[in-house]
Amino acid sequence: MPDRILDHLCDYALKLSYRDLPQEVIRRTKYIVTDTVGCALGGAESPPAKIARAAASEITSAIPSTVLISGQKTSPDLAAFANGVMIRYLDFNDAYAGSPTCHPSDLLAPVLAVVDARNGNGKDVILGTVLGYEVFCGLIDAGSKERGRIWDQATYGVIAAAVVAAKLFGLTKEQMANAISLAVSSHISLEQVRRGQISHWKGCALANASRNAVFCAMLAAKGMTGPEEVFEGKAGFLSSTGIRFEIRPFADSADTYRIMKARLKAFPAGYFSQSAIEAILNLRSQIPDLDDIKEIRLQTFPAGYEVMGSGEANWKPETRESADHSLPFVMAVSLMEGNLEIRHYDQMYYKRSDVRALMQKISVRIGEEPVAAWPEVPLNIVDVETKSGKVLSTKVAYHLGHFKRLMTDEEQERKFRPMAEPLLPKRQINDLLACLRRLDEVEQISELISLTVAPNLPP
């Protein structure tokens with residue numbers, strides 16, 4: 001008996017072509033790819049990125065792929081992993097709000113790795129990216145979790161990454177089905193990666209899913225078969241995870257492509273905090289003396305509360321990864337510093353006594369209005385009460401970077417350049433930005449990748 005979900009994925013992927021993509025979708029994809037490459041530059045010197053590149057450097061391949069920023073050659077699967085770790089580390093790349101929320105731009109890592117291995121072009125990158133978003137976000141939209149938040153978003157991401165890798169490698173339907181089956185049956189990721197004191201693996205989980213997916217596509221291309229009915233079988237994905245998919249059509253017009261609903265971040269922090277940070281910054285000018293604050297009350301939606309505002313680690317972060325997933329921390333630092341920047345993690349702000357003291361004045365609860373607005377509207381409401389009893393209130397619905405409040409080219413550059421400047425000369429940054437904005441005209445993706453390579457990348 002055929003697996004309907006597997007058939008659905010393969011049929012859509014094989015049918016989709018660059019010619020199908022509306023110009024609006026192509027423009028939005030270039031906008032997102034630009035943001036994602038910037039995030040990779042920003043995460044390039046992180047400890048996990050260095051580890052990933054070191055692992056990749058130990059492998060040579062007859063079908064080489066190039067790692068972003070370092071320029072080193074390795075196998076396509078390890079290039080996907082190293083690329084993915086850099087993209088994800090800062091928690092600055094985009095988000096798609098569903099149940100669970102996911103970060104579909106993680107999939108640019110396997111897209112670039114496979115397109116480079118195949119000597120492909122910018123249109124291939126655009127097609128692979130759109131396909132990845134459609135499958136990943138489509139599964140998020142179609143899925144339900146009968147067992148609660150047990151499985152991490154990478155459990156969905158490996159499916160999308162396998163579809164993308166198989167498509168870009170030029171696999172047949174049978175080979176693609178096997179690639180997906182192999183990837184799904186060998187990769188289920190636990191939600192625990194985003195709980196408690198969060199480790200390096202938070203930023204590596206989907207990178208590893210991408211690595212696994214690319215590897216499985218390479219195996220399938222050589223004839224490796226995967227289990228039948230990997231989704232709908234008696235012991236398949238659905239029965240094992242408790243996730244149920246309602247099979248829905250994928251996009252066929254500009255207003256239905258899910259990449260059009262992706263949301264960029266203005267701040268390097270978990271997605272649920274973006275409008276909360278903006279809200280507290282909007283009040284900052286009205287609070288000349290932070291010592292005068294009695295209490296800061298945040299009303300948020302359940303996902304924000306659960307992930308960033310309800311656990312002990314949210315008030316006592318001990319790792320960078322825990323800090324960027326702490327509503328009290330990102331709000332406190334934003335209020336103290338007038339912004340939230342990458343450096344606020346590097347300098348260990350999350351362990352400072354004055355930051356911790358302000359965090360203890362922050363309370364987080366689920367609010368009726370944010371609940372009603374979510375998931376399209378990530379509404380956060382902030383009340384600041386002073387010691388004199390004065391209450392300052394504000395709310396932010398559509399943060400900068402939301403698809404209903406897109407960044408301008410200038411705003412995107414203001415995000416991109418500070419991440420690139422420690423690694424690349426100004427002229428190279430200008431050339432890279434120009435290349436990204438004409439991605440659909442790039443004949444060899446190696447041109448783009450070479451422009452990301454840092455002349456003096458520290459070991």
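The values are calculated or read from the model by the stated rules, or taken from the named source; none is laboratory data. Since we're looking at a predicted model, the values are computed, not measured. Glycine gets a Cβ as well: all are built from the backbone with ideal geometry, and neighbour counts include every protein chain shown.
Can you say whether Cys10 is within 30 Å of Lys173 (Cβ to Cβ) and either buried (at least 22 other Cβ atoms within 10 Å of the Cβ) or β-branched (Val, Ile, Thr) (or both), as far as the supplied structure shows? Outline the logic, then answer.
Working: within 30 Å of Lys173 (Cβ to Cβ): yes; either buried (at least 22 other Cβ atoms within 10 Å of the Cβ) or β-branched (Val, Ile, Thr) (or both): yes.
It is true that Cys10 is within 30 Å of Lys173 (Cβ to Cβ) and either buried (at least 22 other Cβ atoms within 10 Å of the Cβ) or β-branched (Val, Ile, Thr) (or both).
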| Criterion violated by Arg211 - all others in (1) in contact with an Asp or Glu (Cβ under 6 Å, 6 or more places away or on another chain); (2) assigned to a loop (DSSP other than H, G, I, E, B) satisfied | (2)
| message | Would you confirm whether or not segment 343-356 contains a residue that is closer than 21 Å to Leu281 by Cα, free of Cβ contacts under 8 Å to residues at least 12 places away in the same chain and either surrounded by 14 or more Cβ atoms within 10 Å (Cβ to Cβ) or outside the structural domain of Leu283 (by TED's automatic domain parsing) (or both)? | response | yes
| query | Taking segment 399-410 as the search range and keeping residues that are surrounded by fewer than 19 Cβ atoms within 10 Å (Cβ to Cβ) and not aliphatic (A, V, I, L, M), which one is nearest to Arg263 (Cα to Cα)? | reply | Phe403
| note | Per the filter on segment 411-427, residues surrounded by 16 or more Cβ atoms within 10 Å (Cβ to Cβ) and closer than 21 Å to Leu400 by Cβ are Gln412, Glu413, Lys415, Phe416, Arg417, Met419, Ala420
| remark: Filter segment 197-255 for residues that are crowded, with 22+ Cβ neighbours inside 10 Å and among the charged types (D, E, K, R); the one that is nearest to Gly270 (Cα to Cα) is Lys202
| Every pair of residues 6+ apart whose Cβ atoms lie under 7 Å, when the first sits in segment 227-251 and is at negative phi while the second is modelled with pLDDT of 80 or more and surrounded by fewer than 14 Cβ atoms within 10 Å (Cβ to Cβ) | Glu232/Arg4; Ile247/Arg4
| message | Only one of Ile287, Ile381 is touching a Gly at 6+ places or on another chain (Cβ under 9 Å), in contact (Cβ under 8 Å) with a residue 24 or more places away in the chain, farther than 25 Å from Cys39 by Cα and not assigned by TED's automatic domain parsing to the domain that holds Arg88. Can you tell me which? | response | Ile381
| For segment 213-264, what are the residues that are charged (D, E, K, R) and closer than 18 Å to Val158 by Cα? | Glu228, Glu229, Glu232, Arg244, Arg258
| query | Inside segment 357-374, can you point out the residues that are exposed (fewer than 14 other Cβ atoms within 10 Å of the Cβ) and either at pLDDT below 95 or within 26 Å of the chain's Cα centre (by Cα) (or both)? | reply | Arg365, Ala372
| task | Output yes when any residue across segment 278-300 is at pLDDT 95 or above, of a type in the set (A, V, I, L, M, F, W, C) and touching a Phe, Trp or Tyr at 6+ places or on another chain (Cβ under 7 Å), and no when none is. | result | no
| request: Answer with yes or no whether Asp106 is closer than 28 Å to Cys10 by Cα, in contact with a strand residue (DSSP E or B) (Cβ under 7 Å, 6 or more places away or on another chain) and acidic (Asp, Glu). | output: no
| For segment 242-253, what are the residues that are more than 22 Å from the chain's Cα centre (by Cα) and small (Gly, Ala, Ser)? | Gly242, Ser253
| field | Residue that is nearest to Glu45 (Cα to Cα) [pool: residues in segment 438-456 that are surrounded by fewer than 16 Cβ atoms within 10 Å (Cβ to Cβ) and charged (D, E, K, R)] | value | Glu447
| query | Since Ile429 meets every condition but one in (1) within 30 Å of Ala54 (Cβ to Cβ); (2) among the β-branched types (Val, Ile, Thr); (3) within 22 Å of the chain's Cα centre (by Cα), which condition does it not meet? | reply | (3)
| task | Filter segment 288-333 for residues that are crowded, with 22+ Cβ neighbours inside 10 Å and in a strand (DSSP E or B) and give the result. | result | Ile296, Leu298, Gln299, Thr300
